[in-house]
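Structure first, then comments.
The values are calculated or read from the model by the stated rules, or taken from the named source; none is laboratory data. This one's a predicted model, so the numbers in the text were calculated from it and none came from an experiment. So basically every Cβ, Gly included, is an ideal-geometry build from the backbone, and we count neighbours across all protein chains shown.
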């Protein structure tokens, strides 16, 4: 017989079925001498039928009790913590966790839950199935057993896009109990018939003929298949191992002679843990149960070695395991056992497991036990004897990794087949949009900026439309929330990327006030108070917050107000047969009537202008009153109209009066009371209810006709043209703002028109009224609709949907300031605002919340001492909702710092020629410090010569064809030149960015006058490419004391003088203030490998050189939007090896590969600096407490 070995360690991903039927009160635990396992605790309270699986990486257990799934944190098994629960409607039959997703089968069907974030789990897929029972999961497929002998296959290569692959019905079987899948075979265990093996490709493609068969040795209770072996727990035979190497041949099996009545097993590396319950009658005729947990060495299946056993009580049913524990179900409880270190358990982590070749993988040895020796086999011919190590896979492919460990007595191995996958460059989808929200119709420009190799582009805009253009423009015609998805694909695969577009109507409801019926409405000038005419009163409303309207005062009325008009401190009400009433509004909580004016006829409308009141009465025309004495208005005159005067308005010298069915009349108006030259400006057979106007158009609301737009000549004010809407709405009121008309149409509700094209106004929105839309009032950005008995409806007009940032105009170092984010209108839900700013600004709150009804939220920020004072500080507010982002800039305040910029640029530098640019300074002052900012485009840096000349003819070579032969072939070169910088431009390495010391010191002009002409010479000796000078600026500090700051860039560091007075250097002055041990020579950090930008594989590597024994550690931060601690907040320290070498994974989160800088700080072991997961700017205490530090700019891969 052939020797068969198990080389792969795998904590089995099995499903554990608990059946609890008895209650045992007495527990007795007996342990063997070797103590391979130790009882920790028992979890009571698990009754009826339960199903279990586990995420061993995060020590999370999923337990299904009937139709409830409990997710428990079992990092401390003695105190399991329930994280959350998933409630289903049918009893769970089986569940399995795999790679961040939970797969569940129950009476409803097949479910997939995303549990990557346990506190925010969500069901992402559901497929109804009848009689779904057991399920099995592997990398590619999920298989659910249905109808006893049916199998339903699902493709789960992308768990977010699960799809049914195949439904299979296997004839000749009785009841399928388990299914196992590997890359080639599907193994089906039938309760009566045994184990059938099928080729997976044939089964997926309609062939159901088995290629192998294994007759069960007795009565199988549990089966687990791993690699080429099947581990069988049999009630009659005991524990067996079957060889599945070639399922088409006869399957050998080997049994343990010591074990009887095996119920279940779990395999960890070369060890099997088997539970048994042997029932028999002893020699005295007593019924006896041997309930045992067996520990077996199954490395050689031909010779199964019994290592230990312990007694169990109560009787066990199933067993499960994680890295360090066994979980044994026993009727009404789960007993937890700890795996002790008396035996070695090889195990390891590999990070990352997939990526583009060359792929560098960090292998971390996490084996259990007293390890004396290690050996790695990486699957590509290379080996290593280090405990934990790095290995680079240069070629694409899948690799099997083996870890062997030894206690100097024997070797223990763990194999992970095809666990490393080095791939070719795959497509990475990404795009940007010019807007994320707006009023429909909304035009959105999409610019795709995908990475990798791809040939096809597909846009899906979320509204049913698509495009294959690289940079499409799409118009959203209707409101909604649309998810835009870009898919790029090529020979190496495909990738999706999605963003959300918010499209809304010009008018959207946000609130209502339904306490009283409202017939008419107006507001004060400050939009704080509203006046609502009800059927029997005028109510004064506090409308400062449209989401929380309250009544301040109520004035009883005999007849309802037909029209309201507000002027400064007074409210005018046309009250039908009661004439005109005037109220003093200086105290909104207690209005007082100052006069009542009788009107001949039914008062329907009032208009006030230039100390005159114009009252329209249906029977008597237009009455005019002098308001000089507000308590006793004086009747002036009456204008007779042809029809019933219902509404009048005045524009300049023109007065327009709506006269009911007689149409609209125009009058020449002067001195407030003169109305002459009456003519029919517009005439129709329908009733003109209301109108609004500007200097060119009149917009008429006509009963049973809708809206009519009238254009009149601005020269002679004569009627030119008229256009009508095609609707027959019962229009009662209208108001116009910009390109929109809002029309109250009674029972038809509120109609919104786009009137940008006056010849063809378009209805773009229709909002239903609860009762009868009578009056519409524009109080931008809000719209108030008097809705009859339904009260008041409030809408928002989100044409300008942008946040506003209110910040100080200027700032200074070391100061704290207040700022504010303002909304254009109140928002009916809580709104989160993200604040982004410069790395030199420390925000007290990176996110603020604006609660419903509020228009703003406050935040504060601190300006660090190393903030540059020669530029503006950017701020950006981003809302998590409907609002567009907004940005603001604050000017850094420094009266002694003067900036002068060049003009008449850019200048082209022709081949092998030079150009000059000048800055003429008119100010006076003495140079104390000078720095230069340059923006130059050049292809070949080595050919570039740049020189500055002062008004006193002092020449300074900024750089003279620096470095070796360096070809850039990139974008514009933008750098600062400053004597205080550490890296010298002539020694710099690409890519150039940040601040450098010029080739000759700028201090050569110190003490000179700044007034005069400064000249910059740019000479380019390249003969193939033209260069260009885009811009240059000079920054003069005219003060006697200059801020003590150093710009640390790249891998340069100051030279320390051992045990001597430090030289006059800014970096040394900072170092001399540190509280730290004294060294003959300060330890030096040397970078050995800095991963380039875009690389997620390589590790940051370095070495610490020290002339004396140094004991300490490193702290690493990377700069993205902020400084982020690496490798992670839970493990913030990077330790040194004995030889001083160290390494750190700086790409442990999404987006880390985009970091532009890396900061490394070296601390003595007894120093504890203040650390946080993120810093907007690195705090000064890190620099002060560090023995040494290095800040390095990453290059682009």
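Worth pointing out:
- Residues in the range 1180-1195 that are part of a loop (DSSP other than H, G, I, E, B) and buried (at least 20 other Cβ atoms within 10 Å of the Cβ): 1186, 1187, 1194.
- The strands (runs of 3 or more DSSP E) falling completely within the range 176-226 that include 2 or more residues that are crowded, with 19+ Cβ neighbours inside 10 Å map to 176-181, 185-190, 194-199, 220-226.
- With respect to (1) loosely packed, with under 15 Cβ neighbours inside 10 Å; (2) within 25 Å of the chain's Cα centre (by Cα), the lone exception for residue 491 is condition (2).
- Filter result (touching a residue at least 60 places away in the same chain (Cβ under 8 Å) and closer than 23 Å to residue 146 by Cβ) within the range 57-94: 94
- Checked against the criteria, residue 452 counts as within 22 Å of residue 355 (Cβ to Cβ) and at pLDDT below 90.
- Failed item in (1) assigned to a loop (DSSP other than H, G, I, E, B); (2) in contact (Cβ under 8 Å) with a residue 12 or more places away in the chain, with residue 510 passing the rest: (1)
- Selection within the range 314-359 - free of Cβ contacts under 8 Å to residues at least 60 places away in the same chain and either buried (at least 22 other Cβ atoms within 10 Å of the Cβ) or in contact with a helix residue (DSSP H, G or I) (Cβ under 7 Å, 6 or more places away or on another chain) (or both): 328
- Note on the range 89-102: residues that are touching a helix residue (DSSP H, G or I) at 6+ places or on another chain (Cβ under 9 Å) and part of a strand (DSSP E or B) total 2.
- Residue match in the range 1036-1056 (condition: crowded, with 19+ Cβ neighbours inside 10 Å and at pLDDT 55 or above): yes
- For the range 849-953, the strands (runs of 3 or more DSSP E) that sit wholly inside it and include 1 or more residues that are more than 33 Å from the chain's Cα centre (by Cα) and at pLDDT 75 or above are 897-901, 907-909, 913-921, 929-937, 944-949.
- Counted residues, the range 771-792 - those being surrounded by fewer than 24 Cβ atoms within 10 Å (Cβ to Cβ), at pLDDT 90 or above, at negative phi and assigned to a loop (DSSP other than H, G, I, E, B): 5
- Residues located in the range 1165-1179, provided they are surrounded by fewer than 17 Cβ atoms within 10 Å (Cβ to Cβ) and not in a loop (DSSP other than H, G, I, E, B): 1174
- Strands (runs of 3 or more DSSP E) completely within the range 232-341 that count 1 or more residues being over 26 Å from residue 60 (Cβ atoms) and either assigned by TED's automatic domain parsing to the domain that holds residue 75 or within 50 Å of the chain's Cα centre (by Cα) (or both): 238-243, 253-255, 262-268, 271-281, 287-297, 305-311
Listed here are the residues, each with its yes/no results for (1) crowded, with 21+ Cβ neighbours inside 10 Å; (2) modelled with pLDDT of 75 or more; (3) part of a strand (DSSP E or B).
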| position | (1), (2), (3) |
| --- | --- |
| 667 | yes, yes, yes |
| 676 | no, no, yes |
| 684 | no, no, no |
| 690 | yes, yes, yes |
| 695 | no, no, no |
| 701 | yes, yes, yes |
| 714 | no, no, no |
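- Of the set (1) in a strand (DSSP E or B); (2) at pLDDT 85 or above, all apply to residue 54 but (2).
- Subset tally (residues that are closer than 21 Å to residue 606 by Cβ and under 43 Å from the mean Cα position of the chain (by Cα)) for the range 527-545: 4
- For the range 290-302, the set of residues classified as in contact (Cβ under 8 Å) with a residue 24 or more places away in the chain and either out of contact with any strand residue (DSSP E or B) (no Cβ under 7 Å at 6 or more places or on another chain) or buried (at least 17 other Cβ atoms within 10 Å of the Cβ) (or both) consists of 291, 293, 294, 295, 296, 297, 298, 299, 300, 301, listed by residue number.
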